[in-house]
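This report concerns only the one structure given below.
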Amino acid sequence: MKQIALIGSTASGKSDLALTLAREHNALILSIDSLSIYQEIDIASAKPSKIELASVEHFGVNRLRPDENASVITFIDEYRRLREKALADSKNIIIVGGSSFYLKSMIDGLSKIPDYSPNTLNQAKNMLFDLERCHALLHTVDPFTMAKIAPTDAYRIEKMLLIYLESGIAPSKWFKVNPPEPIITECPVFNLHIDRDILRERIAHRSEKMVRSGLIDEVAELDRMYGRSPNSMKAIGIIEVLDYLDAKVSKEEMTALISTHTAQLAKRQQTFNAHQFVLHSSGSADQLYKSAETILK
């Protein structure tokens, strides 16, 4: 079994490249994408088509309901399922997606967390009704860690609180005693580079295509079924449509905002990818294809 990771900004063409490589080199695909993981969010996520999903087995797609929350643990579980399948069937692995923070976490590894007792879970649940007080308590215990966590960051405060309540020590000390263990090893990372002007054109075209393909109806149905509180409903492509449905913007303004916000996301992704990974290579789709197939053969 051989594996590679393919990263790049949204609309760069990395999914098409991954599909081509997977078809030609006997590979399964793990999609690391913060929206494709959800069922029913098809147009907004620019998810591979049903034909594409049928042509190559994908993991990390359509695994959660829109009212569930994806995390790095979700993708670790998907990777482990994928790896087991690849080993059993003598397949290669291609990891692809725009949410490369998850990939980074899996390569760098995560610290082991305590096994939380029912008492710890219940105590934390009661304390978390006052998030600000929890943050203040943790700051007295571990000022270094909590200086990096906003008083409104409910997810990370809960994580730190559970570790402290169960272990009785500061989270930073817990992480020092339990250093991260990589989940993914021996996985060359390829960065798909694309000219910014071309990328902006692609993003604008894709935004218009999404609207023509029924994005407004998809988001309206998601809103009806799940409301607006789930994290998935705060994604680019969804929040702009919700503003349109609320008559805050016109259809033309909505489409332009989707394009603008997606371009801003792409810029952040490019910066993250350039500074957070040791790259095997970076280049055009053709260049990466030639480089990647030497590994997957």
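Counting just the residues of the stretch 131-169 that are at pLDDT 95 or above, in a helix (DSSP H, G or I) and of a type in the set (G, A, S), which one comes out farthest from P118 (Cα to Cα)?
The extreme case among them is A136.
Among the residues of the stretch 244-288 satisfying the criterion of being of a type in the set (A, V, I, L, M, F, W, C) and assigned to a loop (DSSP other than H, G, I, E, B), which is nearest to the chain's Cα centre (by Cα)?
Ranking the qualifying residues of the stretch 244-288, first place goes to F277.
Being free of Cβ contacts under 8 Å to residues at least 60 places away in the same chain and either farther than 30 Å from I113 by Cα or touching a helix residue (DSSP H, G or I) at 6+ places or on another chain (Cβ under 8 Å) (or both) narrows it down to one of I216, I183, I203, I194, so name that one.
I216
Of the conditions (1) touching a Phe, Trp or Tyr at 6+ places or on another chain (Cβ under 9 Å); (2) within 25 Å of I107 (Cβ to Cβ); (3) among the β-branched types (V, I, T), V177 clears all except one; give me its number.
(1)
For the stretch 34-53, does any single residue satisfy the condition of being in a strand (DSSP E or B), in the same structural domain as M254 (by TED's automatic domain parsing) and in contact (Cβ under 8 Å) with a residue 60 or more places away in the chain?
Yes, because at least one residue in the stretch 34-53 is in a strand (DSSP E or B), in the same structural domain as M254 (by TED's automatic domain parsing) and in contact (Cβ under 8 Å) with a residue 60 or more places away in the chain.
How do the pairs read when you match residues in the stretch 106-122 that are over 30 Å from I4 (Cα atoms) with residues anywhere that are of a type in the set (G, A, S) and surrounded by 11 or more Cβ atoms within 10 Å (Cβ to Cβ), using Cβ under 7 Å and keeping only pairs 6 or more apart or on different chains?
P114/S167
Look at K125 and say whether it is assigned to a helix (DSSP H, G or I) and either outside the structural domain of L28 (by TED's automatic domain parsing) or in contact (Cβ under 8 Å) with a residue 24 or more places away in the chain (or both).
yes
Matching residues to (1) β-branched (V, I, T); (2) under 28 Å from L6 (Cα atoms); (3) in contact (Cβ under 8 Å) with a residue 12 or more places away in the chain; (4) not assigned by TED's automatic domain parsing to the domain that holds I37:
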{"residue": "L222", "(1), (2), (3), (4)": "no, no, yes, no"}
{"residue": "I258", "(1), (2), (3), (4)": "yes, yes, yes, no"}
{"residue": "A263", "(1), (2), (3), (4)": "no, yes, yes, no"}
{"residue": "K267", "(1), (2), (3), (4)": "no, yes, yes, no"}
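When the stretch 22-33 is examined, which residues are found to be assigned to a loop (DSSP other than H, G, I, E, B) and within 18 Å of the chain's Cα centre (by Cα)?
Answer for the stretch 22-33, where residues must be assigned to a loop (DSSP other than H, G, I, E, B) and within 18 Å of the chain's Cα centre (by Cα): I32, D33.
Name, by its number, the condition in (1) assigned by TED's automatic domain parsing to the domain that holds L21; (2) out of contact with any Asp or Glu (no Cβ under 9 Å at 6 or more places or on another chain) that does not hold for A154.
(1)
Looking at (1) surrounded by 14 or more Cβ atoms within 10 Å (Cβ to Cβ); (2) farther than 24 Å from L288 by Cβ, find the lone condition where S34 falls short.
Against the list (1) surrounded by 14 or more Cβ atoms within 10 Å (Cβ to Cβ); (2) farther than 24 Å from L288 by Cβ, S34 comes up short only on (2).
Quickly run through the stretch 59-102 and pick out the residues that are touching a helix residue (DSSP H, G or I) at 6+ places or on another chain (Cβ under 8 Å), over 30 Å from M225 (Cα atoms) and not in a loop (DSSP other than H, G, I, E, B).
N92, I93, I94, I95
Can you tell me which residue among P151, P143 is more than 30 Å from E293 (Cα to Cα), free of Cβ contacts under 8 Å to residues at least 40 places away in the same chain and exposed (fewer than 12 other Cβ atoms within 10 Å of the Cβ)?
From the options P151, P143, the qualifying one is P143.
Scanning the stretch 103-114 for residues that are part of a helix (DSSP H, G or I) and not small (G, A, S), which turns out surrounded by the fewest Cβ atoms within 10 Å (Cβ to Cβ)?
Across the stretch 103-114, the extreme among qualifying residues is D108.
With (1) modelled with pLDDT under 95; (2) out of contact with any strand residue (DSSP E or B) (no Cβ under 9 Å at 6 or more places or on another chain) as the list, and A274 as the residue in question, which single condition is left unmet?
(2)
Quick check on L19: is it over 18 Å from the mean Cα position of the chain (by Cα) and not polar (S, T, N, Q)?
yes
The values are calculated or read from the model by the stated rules, or taken from the named source; none is laboratory data. Everything quoted here is computed from the prediction, not taken from an experiment. Cβ sites come from the backbone with ideal geometry, for glycine too, and all protein chains shown count toward neighbours.
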